[in-house]
Amino acid sequence: MSLFRKSESYDSQQPRGRSNWSKCKRAAAALFILLFTLVLARAQSIGASAKTWIEIKAADKAAEALANPNVTTKERLRVEQMYYQLVRDNPQSVPAQNALAAFLWENGGAEAAIEHWRTAQRLEPENAEAANSLGGVYLKMGRVREAAEQFLLAVHSESDNPDYHFNLGNVEFVLRQDLTAAWKIDSAELLQRALFQFREASRLAPMSIEYARAYAETFYGMPNPDWKEAQVAWQHFFELTTNRNFAYLQLARVSLKQHKKAEALSFLDKISDSRYSEVKEKLRKQAEVF
């Protein structure tokens, strides 16, 4: 579930020409990210007993059938009762609370879902799944500081989950103006923190194109970017993407940032998509200045 709109950019998978180069630069610096998506790994929650885990799996399996548009109200209620029964039988089970909350959230019971995630967090204050889910909820409610703190808790509790790093990085980057005041830190530090979170997300999920691109594009918003590191990031994106023209364009840009004229021109020569022609020529003119 995306809680932000994807930023419009000349460098999307289906780019459109732009007449104003400054717009292109602003769009590139705006960071292309899918942004927040709830990670609801209910059946994989640590701490569930074997019996509870089996019951959660059964409820999740039954819930899959609800995707059918012809499902009856009676069947939907039956599945809902499976989750509620889980909690009645296991009131102290954090995985059961998370499973019910996730089901309710996905099926229009937002207020009840929030209460069960909060219950899960009271039972286990450092539960990463509950924290990440509440982070998304608070973000949707406009409670930026609380959302960021929940995402931060999720990262600290389960540091090897790339989705949690990605969500925290999104908030720190996109909503940094809100957080600079709330956390009493400057924008440059928040940008560094966001860059670190995106780097961790990409490192932990090395085959994710979205995470690779988010990390690479964050350099354009940094006050003093490390362009060598940025080039490594874009090279990794290049190895994953099918949109080679876009990747060549970005590799040319970071080469120019390092005053590598020949390398930049080489990347530009490889761009064959006419939709990039205007931006390509702008970069070529920049290269000729060196």
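The values are calculated or read from the model by the stated rules, or taken from the named source; none is laboratory data. Bear in mind the structure is a predicted one, so any value in this text is a computation, not a measurement. Here Cβ is always computed from backbone atoms with ideal geometry, including for glycine, and neighbour counts include all displayed protein chains. What goes into the accessible areas is simple: the full protein's heavy atoms, side chains included, and nothing from ligands, DNA or RNA. Shrake-Rupley method; radii C 1.70, N 1.55, O 1.52, S 1.80 Å.
Which condition from (1) more than 24 Å from the chain's Cα centre (by Cα); (2) open to solvent by 40 Å² or more (accessible area, probe 1.4 Å); (3) aliphatic (A, V, I, L, M) is the one that Val232 breaks?
(1)
Look at Asn224 and say whether it is among the polar types (S, T, N, Q) and modelled with pLDDT under 95.
When the stated conditions are applied, Asn224 passes them.
In this structure, is Ser12 surrounded by fewer than 19 Cβ atoms within 10 Å (Cβ to Cβ), modelled with pLDDT under 50 and not in a helix (DSSP H, G or I)?
For Ser12, the condition - surrounded by fewer than 19 Cβ atoms within 10 Å (Cβ to Cβ), modelled with pLDDT under 50 and not in a helix (DSSP H, G or I) - is met.
Considering only the range 219-241, state which residues are assigned to a helix (DSSP H, G or I) and either touching a residue at least 40 places away in the same chain (Cβ under 8 Å) or of a type in the set (S, T, N, Q) (or both).
If we filter the range 219-241 for residues that are assigned to a helix (DSSP H, G or I), which is where we start, we get 219-221, 227-240.
Scanning the range 219-241 gives Tyr220, Gly221, Gln231, Gln235.
Looking at the range 252-286 only, could you name the residues that are under 20 Å from Phe219 (Cα atoms), surrounded by fewer than 20 Cβ atoms within 10 Å (Cβ to Cβ) and among the hydrophobic types (A, V, I, L, M, F, W, C)?
Scanning the range 252-286 gives no hits.
Only residues that are open to solvent by 70 Å² or more (accessible area, probe 1.4 Å) and closer than 22 Å to Ala233 by Cβ: list them for the range 174-192, please.
If the condition is that a residue be open to solvent by 70 Å² or more (accessible area, probe 1.4 Å) and closer than 22 Å to Ala233 by Cβ, then Glu189, Gln192 are the ones that fit.
Which residue is nearest to Ile209 (Cα to Cα), if the candidates are limited to the range 242-251 and must be open to solvent by 10 Å² or more (accessible area, probe 1.4 Å) and assigned to a helix (DSSP H, G or I)? Spell out how you get there, then give the answer.
Let us first name the residues in the range 242-251 that are open to solvent by 10 Å² or more (accessible area, probe 1.4 Å), namely 242-245, 248.
Filter once more, keeping what is assigned to a helix (DSSP H, G or I): 244-245, 248.
On the way: Arg244: 13, Asn245: 15, Tyr248: 15 Å.
Checking each candidate, the answer is Arg244.
Matching residues to (1) at positive phi; (2) at pLDDT below 95; (3) not aliphatic (A, V, I, L, M):
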residue	(1), (2), (3)
Gly47	yes, yes, yes
Ala50	no, yes, no
Ala58	no, yes, no
Ala67	no, yes, no
Thr72	no, yes, yes
Gln97	no, no, yes
Trp117	no, no, yes
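Could you list all residues from the range 194-218 that are outside any helix (DSSP H, G or I) and either of a type in the set (A, V, I, L, M, F, W, C) or surrounded by 17 or more Cβ atoms within 10 Å (Cβ to Cβ) (or both)? Before the answer, list the steps.
We begin by selecting, within the range 194-218, every residue outside any helix (DSSP H, G or I); these are 205-208.
Once the filter is applied, which keeps residues that are outside any helix (DSSP H, G or I) and either of a type in the set (A, V, I, L, M, F, W, C) or surrounded by 17 or more Cβ atoms within 10 Å (Cβ to Cβ) (or both), the range 194-218 yields Ala205, Met207, Ser208.
Considering only the range 104-124, how many residues are exposed (fewer than 15 other Cβ atoms within 10 Å of the Cβ) and not in a helix (DSSP H, G or I)?
The qualifying residues number 1.
Checking Leu3 against (1) at pLDDT 90 or above; (2) outside any helix (DSSP H, G or I), which single condition isn't satisfied?
In the conditions (1) at pLDDT 90 or above; (2) outside any helix (DSSP H, G or I), Leu3 misses (1) alone.
Exactly one condition in (1) more than 25 Å from the chain's Cα centre (by Cα); (2) open to solvent by 10 Å² or more (accessible area, probe 1.4 Å); (3) in contact (Cβ under 8 Å) with a residue 24 or more places away in the chain is false for Thr72; which is it?
(3)
So which residues in the range 271-287 are assigned to a loop (DSSP other than H, G, I, E, B) and either more than 12 Å from Gln250 (Cα to Cα) or touching an Asp or Glu at 6+ places or on another chain (Cβ under 6 Å) (or both), if there are any at all?
Correct list: Ser272, Asp273.
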